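First comes the structure, then the notes that go with it.
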Amino acid sequence: MISVDASKCTHCGRCIADCVVQVIRRTPGGLPSVPEQAERYCMHCQHCLAVCPAGALTCDGHTPDRCIPSGPLPDEAHMMNLIRQRRSIRLYKQENLPPEVMEKLVASLRWIPTGCNDHRLVFTVIDDLAKMEPFRARMLKITRFLIKSGIMRIVYPGYKRFKDSMLGGRDFVFRNAPHMIVVASPKDAPCGRFDASIALTQFDLYAQSLDVGTCWCGFAYYAFALNRGMRSLLQLPPGYKVGAVMLFGHAAVDYPRATDPEPYTVIRP
Ligand SMILES: Cc1cc2nc3c(=O)[nH]c(=O)nc-3n(C[C@H](O)[C@H](O)[C@H](O)COP(=O)(O)O)c2cc1C
């Protein structure tokens, strides 16, 4: 819950005004406080801590000095480059990311926004290319079964062009990526589906700034969602479901220009 350093608080009321669940009240002495009966409504979003100009407020033991002060943001042109130039990478260097880059990527996950500030997302991060092998091996076994049983013909009629390379062991699903991140949410999460997609969208954009290539992996999502053996490799806690999958690593391809995609329909009533 919140505690206030009375020697710093200026009684400006910004924490009260910004509280989304309106649980912060002004005490007769003018200091902000959360009445005990309202504590259960707190979303632990830490807006009160972040908004306080005097750094007077501590939230759930998180002190202002532990929070990184606001710094400059990328300008509009750099943001637009990031949006335009992000490509789905399907050719990867067969090398691990430097550990410090991996740590930066993992550390960034803390700031992913979720519906109701639900911090129960779980990420399975494959941080070493050798650890991708069990995923590839099991996927290949499943692919061969799907082809030989005739199921592939039903679920993916166009597969015939790729049949030989699929049977030969080409990695159509994990694209020989050295790393993978899988996000799972509790089955009862209020916004689990959105949370998972937002999580990896944010991961994706940050990865570009570290020169790390990425690829959303819908094929792997379905493999994990539909096949218990594949899912077991993720070591998820009980009650969790896979929400989204992304491959990542150093790209073995570069693009001298952005694409020129067809615009989506925009309705402005
Ligand atoms: C939800 C989602 C699932 C995707 N699944 C795969 C996949 O399984 N394999 C793959 O190679 N690309 C996959 N992609 C990449 C898309 O094919 C790609 O985003 C699209 O062709 C546009 O190319 P770009 O990302 O380079 O702009 C997926 C993209 C999204 C958003």
Practice problem: Find the helices (runs of 4 or more DSSP H) located wholly in the range 155-269 whose residues include 1 or more that are over 15 Å from the mean Cα position of the chain (by Cα), hydroxyl-bearing (Ser, Thr, Tyr) and within 22 Å of ARG90 (Cβ to Cβ), and list them. | Solution: 163-167, 192-209, 218-226
Quiz item: Residues PRO261, PRO256: which one is open to solvent by less than 100 Å² (accessible area, probe 1.4 Å), without any contact (Cβ under 8 Å) to a residue 40 or more places away in the chain and more than 24 Å from CYS191 (Cβ to Cβ)?
Solution: PRO261
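Are any residues in the range 184-201 open to solvent by 30 Å² or more (accessible area, probe 1.4 Å), away from the ligand (no atom under 14 Å from the Cβ) and in contact (Cβ under 8 Å) with a residue 60 or more places away in the chain, and if so, which ones?
Across the range 184-201, the qualifying residues are PRO190, CYS191.
Got a sec? Which of LEU210, LEU200, LEU205, LEU140 is hydrophobic (A, V, I, L, M, F, W, C) and either at pLDDT below 95 or over 30 Å from ARG110 (Cβ atoms) (or both)?
LEU140
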Quiz prompt | Check on LEU233, away from the ligand (no atom under 15 Å from the Cβ), surrounded by fewer than 21 Cβ atoms within 10 Å (Cβ to Cβ), touching a residue at least 24 places away in the same chain (Cβ under 8 Å) and under 14 Å from MET180 (Cα atoms) | solution = yes
Quiz item: Among helices (runs of 4 or more DSSP H) lying entirely in the range 46-118, which contain 3 or more residues that are more than 22 Å from THR201 (Cα to Cα) and open to solvent by 40 Å² or more (accessible area, probe 1.4 Å)?
Solution: 47-51
Quiz prompt | Conditions (1) over 21 Å from SER108 (Cβ atoms); (2) exposed (fewer than 11 other Cβ atoms within 10 Å of the Cβ); number of the one not met by CYS19 | solution = (2)
Quiz item: Which one of these does PHE123 not meet: (1) among the aromatic types (Phe, Trp, Tyr); (2) at pLDDT 95 or above; (3) in a helix (DSSP H, G or I)?
Solution: (3)
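Quick grid of which residues meet (1) aromatic (Phe, Trp, Tyr); (2) open to solvent by less than 20 Å² (accessible area, probe 1.4 Å); (3) touching a helix residue (DSSP H, G or I) at 6+ places or on another chain (Cβ under 7 Å):
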site	(1), (2), (3)
ARG138	no, no, yes
SER149	no, no, no
LYS163	no, no, yes
VAL182	no, yes, yes
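The values are calculated or read from the model by the stated rules, or taken from the named source; none is laboratory data. Nothing here was measured: the structure is a model prediction, and the numbers come from that model. As a convention, Cβ positions derive from the backbone with ideal geometry for all residues, glycine included, and neighbour counts pool all protein chains shown. Heavy atoms of the whole protein, side chains included, go into the accessibility calculation; ligands, DNA and RNA do not. Shrake-Rupley method; radii C 1.70, N 1.55, O 1.52, S 1.80 Å.
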